[in-house]
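Colleague: Below: one structure in structure tokens.
The values are calculated or read from the model by the stated rules, or taken from the named source; none is laboratory data. This one's a predicted model, so the numbers in the text were calculated from it and none came from an experiment. Methodologically, a virtual Cβ is constructed for each residue, glycine included, from the backbone with ideal geometry; neighbour enumeration extends over all protein chains shown.
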Amino acid sequence: MLAYIGHRDNSDILQGDQRHEIRVLAICLGFLFLGHLLQFASWAVLFLLIGEFQSISVAFYHSAVNFTSLGYGDIVMSERWRLLGPLEAANGILMLGLTAGVVLSVMSEFKGRRAQQALVTSPGAKADARADDA
């Protein structure tokens, strides 16, 4: 998000629509982050329900490591349930990819709106509109 702010072509002071874009992007990222935390917790609860882990903190940590595909290996699942690890990792890769797609889509929408506004407010566009009216 900071790189996005830094690449703005106006002055250092953010204008109203820029503040709105950053606010929308921050809210979007916040919801996506909460969604990922909910998925960590869902997998952790599953691990508790099947009896793989005895502590929610250990289950949540293991879930976060698997979901993000870090694969530290410091906490391993039993042979009976170890296939759940790669399944969670695949789920995590897909969800993180979806997150990147959503963020890119939001930013692309902002760029499209700015381009549309630039066309509407450019002097050439006003001259073209007058020529069409004649």
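Colleague: Scan the range 50-58 and give yes if some residue there is in contact with a helix residue (DSSP H, G or I) (Cβ under 6 Å, 6 or more places away or on another chain), farther than 27 Å from Phe110 by Cα, assigned to a loop (DSSP other than H, G, I, E, B) and not polar (S, T, N, Q), otherwise no.
Modeller: Yes; the residues of the range 50-58 include at least one that is in contact with a helix residue (DSSP H, G or I) (Cβ under 6 Å, 6 or more places away or on another chain), farther than 27 Å from Phe110 by Cα, assigned to a loop (DSSP other than H, G, I, E, B) and not polar (S, T, N, Q).
Colleague: Could you grab me the full set of residues in the range 81-122 that are of a type in the set (Phe, Trp, Tyr) and under 21 Å from the mean Cα position of the chain (by Cα)?
Modeller: Listed by number, the list holds a single entry, Phe110.
Colleague: Restricting attention to the range 32-39, does a residue exist that is surrounded by fewer than 12 Cβ atoms within 10 Å (Cβ to Cβ) and of a type in the set (S, T, N, Q)?
Modeller: Within the range 32-39, not a single residue is surrounded by fewer than 12 Cβ atoms within 10 Å (Cβ to Cβ) and of a type in the set (S, T, N, Q).
Colleague: So how many residues does the range 41-74 have that are farther than 22 Å from Leu98 by Cα, of a type in the set (Val, Ile, Thr) and surrounded by 15 or more Cβ atoms within 10 Å (Cβ to Cβ)?
Modeller: Selection size over the range 41-74: 1.
For (1) closer than 28 Å to Glu52 by Cα; (2) assigned to a helix (DSSP H, G or I); (3) in contact (Cβ under 8 Å) with a residue 24 or more places away in the chain; (4) in contact with a strand residue (DSSP E or B) (Cβ under 6 Å, 6 or more places away or on another chain), each residue gets a yes or a no:
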site: Asn66; (1), (2), (3), (4): yes, yes, yes, no
site: Gly71; (1), (2), (3), (4): yes, no, no, no
site: Ser78; (1), (2), (3), (4): yes, no, yes, no
site: Arg82; (1), (2), (3), (4): yes, no, no, no
site: Pro86; (1), (2), (3), (4): yes, yes, no, no
site: Ala90; (1), (2), (3), (4): yes, yes, no, no
site: Leu98; (1), (2), (3), (4): no, yes, no, no
site: Leu104; (1), (2), (3), (4): no, yes, no, no
site: Met107; (1), (2), (3), (4): no, yes, yes, no
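Colleague: Could you tell me whether any residue of the range 115-122 is at pLDDT 95 or above and loosely packed, with under 13 Cβ neighbours inside 10 Å?
Modeller: no
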